[in-house]
Amino acid sequence: FQINQSRLKIPVLFGIDGVHGANYTASSTLFPHQIAYAATWDPKYAEKTGEVTAYEMRASSIPWNYAPVLDISYQPLWGRIYETYGEDTYLASEMGKSFIRGSQGDDLKNTEKVAVCLKHFIGYGVPYSGKDRVTAIISDLDLKEYFIPPFEEAIRAGAKTIMLNSGSVNGIPGHIKHHLITDILKGELGFEGFVISDWDGIAYLDEDYNECVVQSLNAGMDMFMVTSRCKEFFDLF
């Protein structure tokens, strides 16, 4: 699909989860999950995974990977802890930078490379009850000392996109928290790429769907992944 074939000149952009290999591509390499790489304490494995995953994603003409997962997690009840690099901030930062280096290289015009999407900004990996997409209780000090640094290092390493936390932090949903998205991510961290919702993330917020879309936009959301309520979403615009 070419941009000049679109009435509004808006291109179609395909992205997919390649968190441990391009597993949606036939005959692709299936790698261990991130927690296994953390156990090696060797970032070169994360870099090689990013390199091979990017190459095999491009075989399916997909230029955008929803990875790496940079959530810090010390909540053993959470069923997705294996997707993370664990609980150590420094280790997660180093592994994340290496994965980005392997995935994006020096130039995204290279047809063997893909753009990364860091996730999930922020606090997604420590839900208080252990259930997915519920609130995390995190002090401002812990947020800045333990949870933000992996994202900050990844932004410095050239990450182009970031996915938001579809749960909440201290009771406020991550998709509408202006302080985290605009003040911290785009302000303090200087992120100049674009911010996307999690899969159908807006639909999880409230029954007043229209208001949730508006709140997300005002909070700093740049792009929505909409699945279950597509017509309702497009009718807003």
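The values are calculated or read from the model by the stated rules, or taken from the named source; none is laboratory data. Note that the structure is predicted; figures quoted are calculated from it, not measured. Cβ: placed from backbone, ideal geometry, glycine included. Neighbour counts: every protein chain shown. The area values use the complete protein model at the heavy-atom level, side chains included, leaving out ligands, DNA and RNA. Shrake-Rupley method; radii C 1.70, N 1.55, O 1.52, S 1.80 Å.
So which of Met225, Met221, Met163 ends up being of a type outside the set (Phe, Trp, Tyr), touching a strand residue (DSSP E or B) at 6+ places or on another chain (Cβ under 7 Å) and at pLDDT below 95? Don't jump to the end; show me each part of the working.
Numbers: Met221 fails: at pLDDT below 95; Met163 fails: at pLDDT below 95.
Selected residue: Met225, the only one of Met225, Met221, Met163 that is of a type outside the set (Phe, Trp, Tyr), touching a strand residue (DSSP E or B) at 6+ places or on another chain (Cβ under 7 Å) and at pLDDT below 95.
As a summary of the residue check, Asn210 satisfies the conditions (1) of a type outside the set (A, V, I, L, M, F, W, C); (2) open to solvent by 30 Å² or more (accessible area, probe 1.4 Å); (3) at pLDDT 95 or above except for the one numbered (3). When the residues of the stretch 98-118 are filtered to those that are in a helix (DSSP H, G or I) and open to solvent by less than 60 Å² (accessible area, probe 1.4 Å), the one that is nearest to Tyr55 (Cα to Cα) is Ser103. Could you please find all residues in the stretch 2-44 being among the aromatic types (Phe, Trp, Tyr) and crowded, with 19+ Cβ neighbours inside 10 Å? Matches in the stretch 2-44: Phe31, Tyr37. Among the criteria (1) in contact with a helix residue (DSSP H, G or I) (Cβ under 6 Å, 6 or more places away or on another chain); (2) open to solvent by less than 60 Å² (accessible area, probe 1.4 Å), the one Leu143 does not fulfil is (1). Taking the stretch 190-207 as the range and being more than 16 Å from the chain's Cα centre (by Cα) and surrounded by 15 or more Cβ atoms within 10 Å (Cβ to Cβ) as the test, the residues that pass are Ala203, Tyr204, Leu205. Here Val195 clears all of (1) farther than 23 Å from Gly15 by Cα; (2) touching a Leu at 6+ places or on another chain (Cβ under 7 Å); (3) among the hydrophobic types (A, V, I, L, M, F, W, C) except the condition numbered (1). The criterion of at least 2 residues that are farther than 28 Å from Pro63 by Cβ is met by the following helices (runs of 4 or more DSSP H) wholly inside the stretch 147-237: 209-219, 230-235. Cβ-Cβ contacts under 8 Å between residues 6 or more apart (or on different chains), taken from a first residue in the stretch 24-35 that is within 18 Å of Trp64 (Cβ to Cβ) and part of a loop (DSSP other than H, G, I, E, B) to a second residue that is of a type outside the set (Phe, Trp, Tyr) and open to solvent by 70 Å² or more (accessible area, probe 1.4 Å), are listed as Thr25/Ala59; Ser28/Ala59.
Here is the figure for the stretch 215-237: residues that are without any contact (Cβ under 8 Å) to a residue 40 or more places away in the chain, open to solvent by 70 Å² or more (accessible area, probe 1.4 Å) and closer than 23 Å to Ile172 by Cα total 3. Pro76 satisfies every condition listed in (1) open to solvent by 80 Å² or more (accessible area, probe 1.4 Å); (2) under 21 Å from Gly125 (Cβ atoms); (3) modelled with pLDDT of 95 or more; (4) not charged (D, E, K, R) except (3).
Among the residues making up the stretch 92-131, those that are among the acidic types (Asp, Glu) and modelled with pLDDT of 95 or more are Glu94, Glu112.
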